1. Under 5 Å between amide H atoms, partner at least 5 residues away or on a different chain: which partners does D:D141 have, H built in plane at 1.01 Å?
2. Assume the label is 7 Å from Cα along Cα to beta carbon: what separations in nm does B:F55 have to the matching positions in the other copies?
3. In degrees between 0 and 90, to the nearest 10, how far off the longest principal axis of chain A does helix A:62-84 point, with axes built from Cα atoms?
4. Could you tell me whether the protein assembly as shown comes out rounded, prolate or oblate from its Cα gyration tensor? Rule is a ≥ b ≥ c as square roots of the eigenvalues, rounded for a/c under 1.5, then prolate if a/b exceeds b/c, otherwise oblate.
5. Just report the Cα centroid separation between segment B:63-84 and segment D:84-156, whole Å.
6. Once Lys and Arg get +1 and Asp and Glu get -1 on their Cβ, which of A:I107, A:G53, A:L154 lies farthest toward the positive end of the dipole of chain A?
7. Output the 0 to 90 degree angle, nearest 10, between the alpha-carbon long axis of helix C:10-22 and the longest principal axis computed from the alpha carbons of chain C.
8. Residue-wise, which Karplus ³J(HN,Hα) couplings in Hz belong to segment B:124-139, taking 6.51 cos²θ - 1.76 cosθ + 1.60, θ = phi - 60°, and x for glycine or proline?
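The values are calculated or read from the model by the stated rules, or taken from the named source; none is laboratory data. As the structure is a prediction and not an experimental result, all values here were calculated from the model. Because the Cβ atoms are built from the backbone with ideal geometry, glycine has one as well, and the counts that use them run over all protein chains shown. Note: accessible area is taken over every heavy atom of the protein model, side chains too, but ligands, DNA and RNA are not part of it. Shrake-Rupley method; radii C 1.70, N 1.55, O 1.52, S 1.80 Å.
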There are 4 protein chains.
Amino acid sequence: MSESSFVLTAELQQAVSSFFQRIPFNQVLGIELGELSSEQVTMHLPMKPELIGNFVHGILHGGVISSLLDVCGGAMALIGAFANHQNLPSSERLMRLSKLGTIDLRIDYLRPGRGQRFTATALPLRSGNKVAVVRMELHSDDGTLVAVGTGTYLCG
Amino acid sequence: MSESSFVLTAELQQAVSSFFQRIPFNQVLGIELGELSSEQVTMHLPMKPELIGNFVHGILHGGVISSLLDVCGGAMALIGAFANHQNLPSSERLMRLSKLGTIDLRIDYLRPGRGQRFTATALPLRSGNKVAVVRMELHSDDGTLVAVGTGTYLCG
Amino acid sequence: MSESSFVLTAELQQAVSSFFQRIPFNQVLGIELGELSSEQVTMHLPMKPELIGNFVHGILHGGVISSLLDVCGGAMALIGAFANHQNLPSSERLMRLSKLGTIDLRIDYLRPGRGQRFTATALPLRSGNKVAVVRMELHSDDGTLVAVGTGTYLCG
Amino acid sequence: MSESSFVLTAELQQAVSSFFQRIPFNQVLGIELGELSSEQVTMHLPMKPELIGNFVHGILHGGVISSLLDVCGGAMALIGAFANHQNLPSSERLMRLSKLGTIDLRIDYLRPGRGQRFTATALPLRSGNKVAVVRMELHSDDGTLVAVGTGTYLCG
């Protein structure tokens, strides 16, 4: 994958950023965007009572974890697709934003999601023209690896 | 799996039902419980604007789908564990409710989640003493198969 | 999926059949082709000592199971791609045979693989132009469901 | 996971080693054991004509990849279980060898398996008393990442 030298322009970064922030369910969750580059995407999630799954132990709902990792992986897939299409005009690359879709997702829940703020990280495993495979991780604020995942995305 | 003859008592059914309804994030999503039996669990989800993922097309967020299928599969795993422990007193079986956990989850997103009301169905594939494997499906109200999933659960 | 009316011509059926039989590792396993249609693919595997994984209990190696389910799902994906490209000449459709590839695979091992002959079944979940999602099952000769799987394939 | 300080005794190492080498299908594949420690397991696979999947391009069969990654992950799960049971006598720990089982496996095929010798690596993600989650990678001899996988194992 030679796209490591691809630099996301401020325009594309802004487009990806406003795209993800406009998604209603991302707002419900309270996802905050972090790094958006062709090598890595990070997103943050502050804990709040509505996100609790196990009310006995006050830990994050598994669905919140899978949602966040899916969103983070999707952003990575999209940026990878941009890198593969540097010859296309910006407008066409932006159009791909609305065509992005998750094909499948696997999440492994390793440890309870305890903490005040969680960080999701996505790394590209394969960036094809049509299909991207992305690896994701979720850490709590004390550095515990809470969950890992792998997503396959259709990216244009 | 000979537990097919297991009948969930009204008491256990009520316990499972109030357990899942008390989960904060299930309330955020608006999950409604349907059938709760040892052969099948169904849950329903009415569409609402907060659950949208693709705002261009107005379709369900992938994270909502994975959340709902995870919850539905978890309930099935739990009821399967009850069936395997018919000799235990009710109180001990209820204690297992708070220990239920998803080990891993795979979701395949097959078609866009369009519609006013979605139905998740879970069927047991394997109900062990410790680990259950459950298959899930999500249909929209016009009968379209939107997504399928498989979950592995630790159930006590 | 309106391709259910697609009928695999004898020529294509023969092509798929000889393609799969020429694959060296399929011969090592001893895979026998069964039904090849646009609705279902079945394959059979006679037990032999080389395929044993657990020598204490004499059961099928997990890798044999994942191999067989992957092959069976791949054939289904390929036939689905043929159905989507009925307008293409046979020669072009045949060319796709060599481009078929598994993107990802999930296998759930439900029960020990005991028996003299196993049957794998593949059913299409989604047949797109580029990506197919297929569901697979493995039964032993007494009807036991030994394993299930889901595969995502790039099909041309 | 505090078991990182666990040192696999020569006796256990020998037991694991002879266990895996006695498995008939591992011999068919030609799997060679590499490092066996509580932090990592590596295995090697020399290419040979029987292992070919795509005869047009001469690349490794997907089933060979999933088999090797499953075996490598299983060895890692087993060693993790040993580490969790240091208080048990060796004989009991050895008994667990025959109870090891894969619950589920996900493989992502990233790039064609080309090369003369492949190396599988397994790293523990979670080592519980009953269930272990392991991450696996397959590299070809030129360092290409060919496939990744995640396995969930029942380990006693």
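1. Distant-sequence amide H within range of D:D141: D:Q116, D:R117.
2. Its label point is 3.1, 5.5, 6.2 nm from the equivalent points in the other copies.
3. Around 10 degrees separate the two axes.
4. Rounded shape, in that the Cα axes give a/c under 1.5.
5. 26 Å
6. A:L154
7. The helix C:10-22 is inclined about 40 degrees to chain C.
8. x, 9, 7, 10, x, 5, 10, 10, 10, 10, 10, 10, 10, 9, 10, 10
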